[in-house]
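What follows draws every value from the coordinates through simple rules; no lab data is involved. Fair warning: this is a prediction, and the values are worked out from it, not measured in the lab. Positions of Cβ are generated from backbone atoms using ideal geometry, with glycine treated the same way; all protein chains shown enter the neighbour counts.
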Ligand SMILES: Nc1ncnc2c1ncn2[C@@H]1O[C@H](COP(=O)(O)OP(=O)(O)O)[C@@H](O)[C@H]1O
Ligand SMILES: [Mg+2]
């Protein structure tokens, strides 16, 4: 069977897009020195609000706008909690993820009068890029996708250019690397962190909309089913670099697409569904091992401190 | 105004000084860190601000740089009073500061670090080429050799410091404050820093050089202001003063160097290192066939420019780093295969160079730091339980015996000055009378008075029959303490001298051909 054909690549692009949006947001936060672990909850919220507003207004694009706006507002919880009030970002994120899961389930019943799944006939979904039909290659790759798929790819490239080629991007890189140094040169670190957290919220809104109005036209309780966590893994794997984030997301998307193919060949669904997560796990462990081995060879003493970063005290902190 | 010595000629008569501090007082709670200090920095001069640790040097400079708001007093810049609410105001007023701990972005390039938040470029696009050019120009101007494209975390500390200086110059600093710039440098790097400072002054930049090393004052500066306990104890002109005068103003008495009564050495070898070979660590030399014997009652000094294999040999003795071949024996017993804990249990004590990172835990209390490593056995612990009371009473005793100045044994170690923190580490390692003490750079970052006491402690240990392996980059320290001095060059022992023959000239020559290898990182 010819699996690496255009249709396969198209499937990979499609299933990567929501994860890519979330991961780009997470990477920008990481650049600002804030670990954004609330991607899962934000994606889920984005997916829900997109479907709800699309149903109410009869316009899928209104749903997309609503997803962007409301998810940005939702991400304000992290901006306010972890940046302004200096709470632990991980704890705030755990709260947000649980809140999103509970709230979307609750509102699904209250607002949309549905349990489990909301997919009424007439729920407007995002249109495919039909105008690309007949264009060689591009048509096959993107013709059956929504506009949000190529947009995700463009945003990955744009984020990379922004981080690496602009003055603000340089400052952002410095903020995450050494906040005290950035502050001493007049950069207001919390401002960068708040801005990237909100930006990540907007991106998760797009990702959620693609999930519920692009991939399918429906909202299902917990429909993200771990995509936000895969995005977190992609962020860590790529060390916050947007183009590597793109690579990592495509890898996970490929694993998922492969999973579907294997299902077609009679593999049990429970196993094939696990494929992207399995790949995530394998790649994370492998990349850690590589770092360890490199450090071990180079400097066993440094390797110990790398394995136990909590044991390393920065000289600034000791005076 | 200030009671400047009348014989200090004003180089730019009529022109106001580049910067001036008048009657500055700064308190931290009950501590008066700086007490009514006047300081005049004449344009184009290098002005030493000296004093022991805790004298208030950093606090005074932080006031000048807008980091601390003074409780009383004013700051003048070029004759005009300025209000510095933050370092940003100071930068805008033409001041620049290089802190004791660098503030650099490790993963960014030299050029990116230098221009950060003052980037060349148009419409928000960062012009990397222009930034690199600017760095090249600036480093050319002051005779520095820095690759603008290098990643900062790959650079030795000496070069990172140059990046900090370039950062200030890029922002057009006319007054440059250097806080203890030489504490992290090797002797060769100190010399080139002094050259840079002199070049800057010749070009009209005013430099305030904070240090507690008298030789540097004499070599690099024009004027000297000495602080003790937050107040000025002397204002001197470098050309007309002596090291003795400066030291006396710093510590309030003359220096009584520890006498080194070279006594009888027993023939008993405590440590025997034979034909040690090790792979190269990053930035350091491959260790080649090193043999060292340390006998009871003997201090063996290891000299050399940092990065020539000294650290690696020490780590082999401690069991921290694998060896390729050769042996390490303690009292005749081969230590191969034993880990750090077993080796320490057999009687090796260790005071590492990297005190904040490796030798101590800054956030733990003084008492806990004194217990570390002995916390598994009586009297501090029994049947798997640590006794906080025993830990505290041991600490109280040691703090008293060694004269550690601390707010109490439960104060975090990080709140102590460098010298006192070092005494805590030394106290812990000496307390159990381990037959072998391995110590690296025992007085680095330690003021003169505490340094003297540390030397005395080490000599006392030797007098009680202890064997000491001492690694130091400071020739004067080796001469004061060691019975024999080995010189390491490029991973091999190239000279083995009796302390009496190990003069500055001989050691300097033996070390001189050393490549200036980057020094192991301490996490800038
Ligand atoms: N931020 C601070 N909070 C409390 N005390 C401080 C602070 N900074 C310095 N001190 C105290 O002020 C005194 C002077 O310290 P410092 O200026 O750092 O001395 P130096 O730089 O000469 O070693 C010391 O007693 C120190 O403990
Ligand atoms: Mg200081």
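For segment B:362-428, relative contact order (Cα pairs under 8 Å, six or more residues apart, normalised by length) works out to 46 percent.
Annotation: extensible slack from residue B:154 through residue B:289 equals 45.7 nm (criterion: 0.36 nm per residue apart, minus Cα-Cα distance). Please identify which residues in segment A:217-251 have an amide N closer than 16 Å to a label point set 7 Å out from the Cα of residue A:157, following the Cα→Cβ vector. So the set is A:242-247. For chain B, the longest principal axis of the alpha carbon atoms and the long axis of helix B:418-431 meet at an angle near 0°. Test of understanding: extend the Cα→C-beta vector of residue A:107 to 7 Å, then name every residue of segment A:4-48 with backbone N under 18 Å from that spot. Once the point is set 7 Å along Cα→Cβ of residue A:107, A:38-48 turn out to lie under 18 Å by backbone N, inside segment A:4-48.
Stretching residue A:117 away from residue A:69 to a fully extended chain increases their span by 14.9 nm, per 0.36 nm per residue minus the current alpha-carbon distance.
Placing pseudo-labels 7 Å out from each Cα toward the beta carbon at residue B:345 and residue B:219 gives an inter-label distance of 4.6 nm. Calculated on the Cα set of segment B:29-105, radius of gyration then Dmax: 12.8, 37 Å.
How high is the FRET efficiency from residue B:338 to residue B:86, r the C-beta distance, R0 41 Å, rounded to 0.05? Given R0 = 41 Å and the Cβ-Cβ separation, E is 0.15.
Volume per residue of the convex hull around the Cα atoms, evaluated for segment B:1-153, comes out as 173 Å³.
Could you give me D for segment B:362-428, from Stokes-Einstein at 4 °C and 1.567 mPa s, where the hydrodynamic radius is the Kirkwood radius over C-alpha pairs? Units µm² s⁻¹, please. Answer, rounded: 111 µm²/s. Let me make sure I get this right: for chain A, a, b and c are the square roots of the gyration tensor eigenvalues over alpha carbons, sorted descending. Under 1.5 in a/c it's rounded, otherwise prolate if a/b > b/c, else oblate. Which is it? Because a/c hits 1.5 or more and a/b exceeds b/c, chain A counts as prolate.
Once you treat every alpha carbon in the protein assembly as shown as an equal point and sum by Debye, what is log10 I(q)/I(0) at q = 0.04, 0.05, 0.08, 0.09 Å⁻¹? Log-scaled intensity ratios, in q order: -0.23, -0.36, -0.85, -1.00.
Would you kindly calculate the translational diffusion coefficient of segment A:76-164, applying Stokes-Einstein with the Kirkwood radius from alpha carbon pairs, for 20 °C and a viscosity of 1.002 mPa s, and quote it in µm² s⁻¹ without decimals? Don't skip to the answer; put the middle values down first.
Values: Rh = 17.2 Å.
In µm²/s, the coefficient rounds to 125.
Using a simple spin-label model with pseudo-atoms 7 Å out from Cα toward Cβ, residue B:145 and residue B:383 lie 6.7 nm apart.
What number, rounded to the nearest 500 deg cm²/dmol, is the helix-based mean residue ellipticity at 222 nm of the protein assembly as shown, given -39500 (n - 2.57) per DSSP H run of at least four residues and division by all its residues? Intermediate values should be presented prior to the final figure.
Working: 31 runs with 385 residues, N = 843.
Here the helix-only value at 222 nm equals -14500 deg cm²/dmol.
Compared with the dominant Cα axis of chain B, that is its longest principal axis, helix B:448-463 is turned about 10°.
How large is the direction-averaged shadow of the alpha-carbon convex hull of segment B:112-177, in nm²? Don't jump to the answer; show the numbers that get you there.
Details: hull surface 18.6 nm².
Averaged projected hull area, Cα only: 4.7 nm².
For the pair residue B:432 and residue A:191, a Förster radius of 41 Å applied to the C-beta separation gives a FRET efficiency near 0.20, rounded to the nearest 0.05.
Helix B:187-202 versus the longest principal axis of chain B: what angle, 0 to 90°, nearest 10, using Cα atoms? Roughly 10 degrees between the two axes. Within 10 Å of the Cβ of each residue in A:166-174, the mean number of Cβ atoms contributed by other protein chains is 6. Taking the centroid of alpha carbons for each part, segment B:319-338 and segment B:424-503 are 22 Å apart. A crude spin-label estimate for the pair residue A:94 and residue A:278, with each label 7 Å from Cα along the Cβ direction, gives 3.0 nm.
Of the two radii for chain B, the radius of gyration is 0.99 times the Kirkwood radius, both from the alpha carbons; that is the Rg over Rh value. In this structure, residue B:125 and residue B:401 have a Cβ-Cβ separation that, at R0 = 60 Å, corresponds to a calculated FRET efficiency of about 0.40.
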